[in-house]
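The values are calculated or read from the model by the stated rules, or taken from the named source; none is laboratory data. Model, not experiment: these values are computed from the prediction. Every residue, glycine as well, gets a Cβ built from its backbone with ideal geometry; the counts of neighbours run over all protein chains shown. These accessible areas exclude ligands, DNA and RNA; they are computed on the full protein's heavy atoms, side chains included. Shrake-Rupley method; radii C 1.70, N 1.55, O 1.52, S 1.80 Å.
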Amino acid sequence: MATEMKEYKSELKPIWCPGCGDYGVLQAVYRALSAIGRPPHEIAFVSGIGCSSRIPGYTTAYGFHTVHGRALPIAQGIKLANPDLLVLVAGGDGDGFSIGGGHVPHAVRRNLDLTYLVMDNQVYGLTKGQLSPTSPRGLKTVSSAFGSLEDPVNPLLYVLAYGAGFVAQGTPADMAGLAGLVEQAIRFPGFAFVNIQSPCITFGSPEAQLRSHKASLERLEDLGHDPSDRLRAMDLAQSYGRRLLTGVFYRDPSPRPTYDSLVRERQAELGADAPARARILERFVPRVESQGRVGP
């Protein structure tokens, strides 16, 4: 049952630069949550550090603004502690694929039921425009006055190679499409990743702005892509940085069990033989066996 969008809007007003793509991402999140219909107290929104990581504060969900690059491990802990929560994770390309890059493959392989939204603007916006992991080769910034010598990380290929069950890309230039992708990601039973090309109006390059996105985006659906074809999805993902493909790259047609569901099953199995809570410590008291030997 849908819930009105206003139920998810907090009293805080966004303070991003006028024209920032993150305003559109926030609206897409409101639309997706409204369509899902879960009340705000059943949602946890975790973020790292950066412009995009302000986003939980603009919702009425439980918000956790964590430290740089550590949103995913904290979100995993929240999901395991309270599996009934709908858990969203947000961050930027620097937060997710630089200092936090080592956490991504483990979140993917564990396959907790999380939705990870990365606002990818190919630059460090909050710290005044340095190179980020997804900056294209040759980009001139305050930290690369003569142009970057590095190839960018490909977020789409990265998570596909590690086995993510749901991988998509969108842009605020297509609000309806982006809201639909976020909703699909939330509904997917397992780790879901949405790379959002969210322009930095202040430090981003002109060809990475919303007007350019509208003119250049190509919808995977219009190209006849089958999202159940993982190999084709990986092939298409290689165009990251050259073409703006939007839509679902891959959706596992037979999702594997989530880590949180497997933990619940294990707890149920072990719970049948578990002692009463008041007697748990007795298992750790050494006992003396008949031959006089002390046993565990």
Checklist entry - Does the range 67-90 hold any residues that are buried (at least 21 other Cβ atoms within 10 Å of the Cβ) and either aliphatic (A, V, I, L, M) or at pLDDT below 95 (or both), and which are they? => result Gly69, Ala71, Leu72, Ala75, Val87, Leu88, Val89, Ala90
Item to check | strands (runs of 3 or more DSSP E) wholly inside the range 1-108 that include at least 3 residues being aliphatic (A, V, I, L, M) | outcome: 43-47, 86-92
Checklist outcome for this item: Checked Ala168, Ala107, Ala192, Ala90 against criteria (of a type in the set (A, V, I, L, M, F, W, C) and either more than 23 Å from Gly77 (Cα to Cα) or more than 11 Å from the chain's Cα centre (by Cα) (or both)); the one match is Ala168
Checklist outcome for this item: The lone condition Phe188 fails out of (1) in contact (Cβ under 8 Å) with a residue 12 or more places away in the chain; (2) open to solvent by 30 Å² or more (accessible area, probe 1.4 Å); (3) out of contact with any helix residue (DSSP H, G or I) (no Cβ under 6 Å at 6 or more places or on another chain) is (2)
Item to check | Pick from the range 171-185, criterion closer than 21 Å to Ala2 by Cβ and buried (at least 24 other Cβ atoms within 10 Å of the Cβ), ranking: farthest from the chain's Cα centre (by Cα) | outcome: Leu178
Checklist entry - Any residue at all in the range 190-204 that is modelled with pLDDT of 95 or more and in a loop (DSSP other than H, G, I, E, B)? => result yes
Checklist outcome for this item: When every residue in the range 1-34 that is at pLDDT 95 or above and aromatic (Phe, Trp, Tyr) is compared, the one surrounded by the fewest Cβ atoms within 10 Å (Cβ to Cβ) is Tyr30
Checklist outcome for this item: How many residues of the range 152-182 are assigned to a helix (DSSP H, G or I) and of a type in the set (Phe, Trp, Tyr)? The answer is 2
Item to check | Test: residue in the range 199-214 that is in contact with a strand residue (DSSP E or B) (Cβ under 9 Å, 6 or more places away or on another chain), open to solvent by 30 Å² or more (accessible area, probe 1.4 Å) and closer than 30 Å to Ala2 by Cα | outcome: no
Item to check | Meets criteria (under 22 Å from Gln169 (Cβ atoms), surrounded by fewer than 23 Cβ atoms within 10 Å (Cβ to Cβ) and not basic (Lys, Arg)) for Ser47 | outcome: no
Checklist entry - What is the one condition in (1) within 22 Å of Pro172 (Cβ to Cβ); (2) surrounded by fewer than 21 Cβ atoms within 10 Å (Cβ to Cβ); (3) in contact with a strand residue (DSSP E or B) (Cβ under 8 Å, 6 or more places away or on another chain); (4) charged (D, E, K, R) that Asp93 does not satisfy? => result (2)
